[in-house]
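Visitor: Before anything else, here's the structure in question.
The values are calculated or read from the model by the stated rules, or taken from the named source; none is laboratory data. All figures in this text were calculated on a predicted structure; none of them were measured in a lab. We place every Cβ from the backbone using ideal geometry, glycine too, and count neighbours over all the protein chains shown. With ligands, DNA and RNA removed, areas are computed over all heavy atoms of the protein, side chains included. Shrake-Rupley method; radii C 1.70, N 1.55, O 1.52, S 1.80 Å.
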Amino acid sequence: MRVLVVEDQEKIAEFTRKGLEEHGFTVDCCGDGETGYERASKGSYDAMVLDIMLPGRDGLSVLRGLREKHNTLPVILLTARSELNERVEGLKLGADDYLTKPFFIEELAARLEALIRRNSGTGLNILEAGDLSLDLVNRIARRGDEEIELTAREYSLLEYLLRSPGRTFTRSQISEHVWNTHFDTGTNMVEVAITRLRKKVDGGQDEKLIETVRGVGYRIRGEA
């Protein structure tokens, strides 16, 4: 899951980035409202963590601008504990949730996961395709009754594919969403990651779930 964090205090931004990455998120950070608005408008993010007090364009202005453009990106506001009026205004403008500073990174991660699940329309804690399942709460993958041991990157890749069974993702989409970087045609990192994931998920199985769509990209079998 790819998240944009807009926070001007460097220590808080770095703490948030590291904490969310440890929970399996891919994170972009920026420190001012105008940049945050531009990235949220043009980037392929699953959610945004938006501080209200920002230099230049404040968080509420960013939120208002996005909603006026009918941008439905899920937004969690970061607010000072005493600023009730700002929290109320933010919710009226279309914020999906808020968290007061200081906060526990575990709570932010849990709120993001729940918010993204609701926004995707699944509302589920478990993603499935055939006998393959991914427990989003406990971060456990299984093929049938057998648990699959995954690295953090492999988990993110599998989750990305499993959220849309049957949909083909290009190498560029996978690179941007899982590695948080633009696709470099000179590298084979996506192919290598898919190969490793395929060995763990499909190795020794009669039914293969991870498919290559030649000349396009990769997908999890939708009809599985």
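Visitor: Taking R0 as 25 Å, what FRET efficiency do you get between Lys18 and Arg153 from their Cβ-Cβ distance, rounded to the nearest 0.05?
Guide: That pair, Lys18 with Arg153, gives E of 0.95.
Visitor: How do Phe15, Phe103 stack up against each other in accessible area, from largest to smallest, with a 1.4 angstrom probe?
Guide: Phe15, Phe103
Visitor: Another question, then. Hey, which lysines would be in cross-link range of Lys42, C-alpha to C-alpha under 27 Å, not counting anything within fewer than 8 residues on its own chain?
Guide: Straight-line reach from Lys42, under 27 Å: Lys11, Lys18, Lys69, Lys92.
Visitor: Continuing with this model, one more query. Hey, what angle do you get for helix 84-93 against the long axis of the chain, alpha-carbon based, 0 to 90 degrees rounded to 10?
Guide: 60
Visitor: Next question, about the same structure. Can you work out D for the chain in µm² s⁻¹ from Stokes-Einstein, where Rh is the Kirkwood radius over C-alpha pairs, the temperature is 10 °C and the viscosity is 1.306 mPa s?
Guide: Taking Rh from Cα pairs, D becomes 86 µm²/s.
Visitor: Whole number in Å², please: accessible area per residue of the chain, 1.4 Å probe, ligands, DNA and RNA not counted.
Guide: With the other protein chains kept in place, the chain gives 51 Å² per residue.
Visitor: Here's something else I'd like to know. Can you list the aspartates and glutamates whose alpha carbon sits under 15 Å from that of Lys101, skipping same-chain ones fewer than 8 residues off?
Guide: Straight-line reach from Lys101, under 15 Å: Glu7, Asp8, Glu10, Glu14, Asp51, Glu83, Glu86.
Visitor: Angle between the Cα long axis of helix 105-120 and the longest principal axis of the chain, 0 to 90 degrees, nearest 10?
Guide: Value to nearest ten degrees: 70.
Visitor: Calculate what fraction, in whole %, of the accessible area of region 36-149 sits on carbon and sulfur atoms when a 1.4 Å probe is rolled over the protein chains.
Guide: 47
Visitor: To the nearest 20 Debye, how big is the dipole of the chain about its Cα centre, given +1 on the beta carbon of each Lys and Arg and -1 on that of each Asp and Glu?
Guide: Its charge dipole is roughly 500 debye.
Visitor: Just to be sure I understand the model, the point goes 7 Å from the Cα along the line to the Cβ. What's the resulting Arg142 to Asn188 distance in nm?
Guide: 3.5
Visitor: Hey, another quick one. Near Lys208, which lysines are there with a Cα under 17 Å away, not counting those fewer than 8 places off in the same chain?
Guide: Within the straight-line cut-off, Lys208 pairs with Lys199, Lys200.
Visitor: Moving on to the next point. Quick one: which residues, 5 or more positions from Met53 or on another chain, have an amide H under 5 Å from its amide H? H modelled 1.01 Å from N in the peptide plane, none for Pro or chain starts.
Guide: Gly59
Visitor: Any chance you could look up the accessible area of Arg57 with a 1.4 Å probe, heavy atoms only, rounded to 10 Å²?
Guide: 60
Visitor: At a 1.4 Å probe radius, which order do Thr26, Thr212 fall into by accessible area, largest first?
Guide: Thr212, Thr26
Visitor: Against the longest alpha carbon principal axis of the chain, how many degrees, from 0 to 90 and to the nearest 10, is the axis of helix 189-202 turned?
Guide: 60
Visitor: Using +1 at the Cβ of each Lys and Arg and -1 at the Cβ of each Asp and Glu in the chain, identify which of Ala80, Trp179, Val216 lies farthest towards the dipole's positive end.
Guide: Value: Val216.
Visitor: Kindly provide the helix-only [θ] at 222 nm of the chain, computed as the sum of -39,500 (n - 2.57) over DSSP H runs of four or more divided by all residues, to the nearest 500 deg cm²/dmol?
Guide: Counting only the DSSP helices, I get -12500 deg cm²/dmol.
Visitor: Given points 7 Å out from each Cα along the Cα-Cβ axis, report the Lys199 to Glu34 separation in nanometres with one decimal.
Guide: Modelled inter-label distance: 4.9 nm.
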